[in-house]
Structure formats: C-alpha cells, structure tokens
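K.L.:
Below you'll find the structure I mean.
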Amino acid sequence: MSLLIGDNLVVSMHYTLSDDSGTVLDSSEGAEPLSYLHGAGNIIPGLEQALVGKAEGDELEVKVEPAQGYGEVRPELMQVVERAAFQGVESIEPGMAFEAQGPDGAAQRIVVKDVDGDNITVDANHPLAGVELNFDVKITQVREATEEEVAHGHVH
C-alpha cells in the first residue's frame with residue numbers, strides 16, 4: 001500500500017512553476033526531482049497543504065495565492081537609499097540584486113527598482129511576492145523520513 005503524504009514523510013516530485021501569464025518561473029525538468037520533508041516548512045505553505053493525502057504517481061495542478069506563497073508585496077520593504085550606501089559599486093542599474101543586512105542583522109536580498117541621481121529605490125520583497133503561483137506537480141516518491149531527517153528538519 002502506498003503512503004499518503006503527511007508530516008514526517010519525504011516527498012519527491014517533479015514540478016513546473018508558472019505565473020498567471022503562463023511564463024515558466026522554475027522547473028525540475030531535466031534535473032532530479034525536488035525532495036522535501038513534509039510538515040517541516042521546507043516548501044511554501046499553499047503547495048505543502050495541497051499535497052496532503054496525495055500518493056506516489058499522483059499528478060496535480062495547484063494554484064497558490066500570494067498569502068500562501070511568498071506573501072503580498074509589503075511597501076515597507078521598499079525604500080530610497082543614498083548612492084553612498086553602495087560603496088565600491090561604480091554603476092547601479094535597475095534589476096541589479098545585492099545582499100544587504102536587514103534590521104534583524106540577517107542577510108537579505110535587495111533589488112534595485114529605480115535610479116534617480118543619487119537616490120536609489122530598492123526592494124527587499126521576495127521576487128515572487130504578490131504573484132499567484134501555478135504548479136504542475138507529479139509525485140515520484142513518498143517514503144518514511146529517517147530519524148536524522150526528522151531531527152534536522154530536512155531531507156538528507
């Protein structure tokens with residue numbers, strides 16, 4: 001009897017992620033399946049919830065709203081900073097990404113949205129914040145997690 005997806009099981013799947021216009025954002029095609037420990041918060045909540053109760057061989061399409069994906073766009077994560085904050089960077093262009101220190105001291109990714117003289121608008125939102133995500137998923141394997149995987153909270 002095949003295992004039904006639930007907490008502390010390792011799930012392997014092939015997936016294609018696209019936005020509402022059909023643009024493919026990510027895919028496991030041509031690579032190993034993505035494996036994760038179910039219930040450990042290793043994948044976005046909306047996809048994890050949709051997989052509960054599914055089994056090896058199942059194929060499904062899942063639409064994930066921003067709140068259950070990478071969140072809504074948070075305006076407070078966009079700000080204008082002085083060009084001087086980019087020490088050693090000669091040319092700053094929209095679309096460039098940098099790693100910056102967040103308010104809690106952790107590293108966070110920022111993307112340049114606009115350059116107006118010495119005023120640089122940066123955005124620390126996840127690139128997929130505010131985006132409805134469409135997953136095509138094929139579950140390739142479901143197995144019991146090892147004690148070590150459960151203790152560490154991820155697949156080994």
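K.L.:
With n ≥ 4 as the cut-off for DSSP H runs, can you work out [θ] at 222 nm for the chain, using -39500 (n - 2.57) per run divided by the number of residues, rounded to the nearest 500? Walk me through the numbers before you get to the answer.
P.N.:
Details: 2 runs with 13 residues, N = 156.
Rounded to the nearest 500, the figure is -2000 deg cm²/dmol.
K.L.:
Leaving out ligands, DNA and RNA, what percent of the accessible area of the chain is carbon and sulfur, probe 1.4 Å?
P.N.:
Values: 4470 of 9370 Å².
Here carbon and sulfur together make up 48 percent of the probe-accessible area.
K.L.:
Solvent-accessible area of residue 115, probe 1.4 Å, all protein chains present, reported in Å² to the nearest ten, please.
P.N.:
Ignoring ligands and nucleic acids, residue 115 comes out at about 50 Å².
K.L.:
Placing +1 at every Lys and Arg Cβ and -1 at every Asp and Glu Cβ, with all other atoms neutral, what dipole size does the chain have around its Cα centre, in debye to the nearest 20? Mind dumping the intermediate values first?
P.N.:
Working: 8 positive and 29 negative charges, 23 e Å.
That gives the chain a dipole magnitude of about 120 debye.
K.L.:
Along the charge dipole of the chain, which of 51, 124, 98 sits closest to the positive end, that is, farthest toward it, with unit charges on the beta carbon of Lys, Arg, Asp and Glu (+1, +1, -1, -1)?
P.N.:
51
K.L.:
Here's something else I'd like to know. Tell me the GluC sites (Glu not before Pro) within the stretch 16-105 that lie in a loop according to DSSP and have at most 10 other beta-carbon atoms within 10 Å. Display every interim value, and only then the final one.
P.N.:
On the way: sites: 29, 48, 56, 59, 61, 72, 76, 82, 90, 99; in loops: 29, 56, 72, 90.
Those that pass, being in a loop and sparsely packed, are 29, 90.
K.L.:
What percent do you get for the relative contact order of the chain when only Cα pairs under 8 Å and 6+ apart count? Working shown, then result.
P.N.:
On the way: 305 pairs, mean separation 55.8, N = 156.
It comes to 36 percent, rounded to a whole number.
K.L.:
If you don't mind, there's one more thing I want to ask. Among 12, 150, 86, whose Cα projects farthest towards the positive end of the dipole of the chain, with charges put on the beta-carbon of Lys, Arg (+1) and Asp, Glu (-1)?
P.N.:
150
K.L.:
Accessible area per residue of the stretch 46-156 at 1.4 Å probe, in Å²? Present the calculation step by step, with values, prior to reporting the outcome.
P.N.:
Details: 6930 Å² over 111 residues.
In whole numbers, the stretch 46-156 has 62 Å² accessible per residue.
K.L.:
Relative to the compact-globule scaling 2.2 N^0.38 Å, provide the ratio for the alpha-carbon radius of gyration of the chain.
P.N.:
On the way: Rg = 19.2 Å, N = 156, 2.2 N^0.38 = 15.0 Å.
Compared with the compact-globule rule of thumb, the chain sits at 1.28.
The values are calculated or read from the model by the stated rules, or taken from the named source; none is laboratory data. The structure displayed is predicted, hence computed values, not measured ones. Note that each Cβ is placed from the backbone with ideal geometry, even for glycine, and that neighbours are counted across all protein chains shown. Heavy atoms of the whole protein, side chains included, go into the accessibility calculation; ligands, DNA and RNA do not. Shrake-Rupley method; radii C 1.70, N 1.55, O 1.52, S 1.80 Å.
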